[in-house]
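Inspection log for the structure reproduced underneath, given as structure tokens.
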Amino acid sequence: MMLFLLTLLAALPMPGTKFHPLPEGKGKAKVEAACFPCHSPDLLVQQRLTPKQWTATVEKMIRWGAEVKESDKQVLIDYLSKNFDVDNRFVPAKTLTVK
């Protein structure tokens, strides 16, 4: 039990962590509602996927339990494909290196 708790705590962001906001656009609120229960914004903003790969990813996440209405699926795919495609220029913030 203790190992489980330590593993869980190690996976959580440090207090005060500032995540990158998602870009404005049609579908942003739906992406936040569908993805943020399990993923941080930083996981999304660092992606570089084609529309075909985003389609497969969204469909996989739905199979794994993401709550997405069928009518919203294409809105999510379009938003993610537009903002986080293969030309994505996301640059991660520098992090403290522990020695």
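The values are calculated or read from the model by the stated rules, or taken from the named source; none is laboratory data. Remember, predicted model here, so these are calculated numbers, not experimental data. So basically every Cβ, Gly included, is an ideal-geometry build from the backbone, and we count neighbours across all protein chains shown.
The numbered conditions (1) in contact with a Ser or Thr (Cβ under 9 Å, 6 or more places away or on another chain); (2) surrounded by fewer than 13 Cβ atoms within 10 Å (Cβ to Cβ); (3) at pLDDT 95 or above are all true for Lys60 except (1).
Among the conditions (1) surrounded by 13 or more Cβ atoms within 10 Å (Cβ to Cβ); (2) at pLDDT below 95, the only one that Val75 does not satisfy is (2). Taken together, the residues in region 22-54 that are outside any loop (DSSP other than H, G, I, E, B) and either exposed (fewer than 15 other Cβ atoms within 10 Å of the Cβ) or at pLDDT 90 or above (or both) amount to 13. If I ask for residues that are touching a residue at least 24 places away in the same chain (Cβ under 8 Å) and of a type in the set (D, E, K, R), which ones from region 45-71 would you list? Hits for region 45-71 are Arg48, Glu67. Surrounded by 16 or more Cβ atoms within 10 Å (Cβ to Cβ), assigned to a helix (DSSP H, G or I) and modelled with pLDDT of 90 or more: is that true of Val68 in this structure? No, not satisfied.
Note on region 67-85: residues that are in contact with a Leu (Cβ under 9 Å, 6 or more places away or on another chain) and over 19 Å from Pro21 (Cα atoms) total 1.
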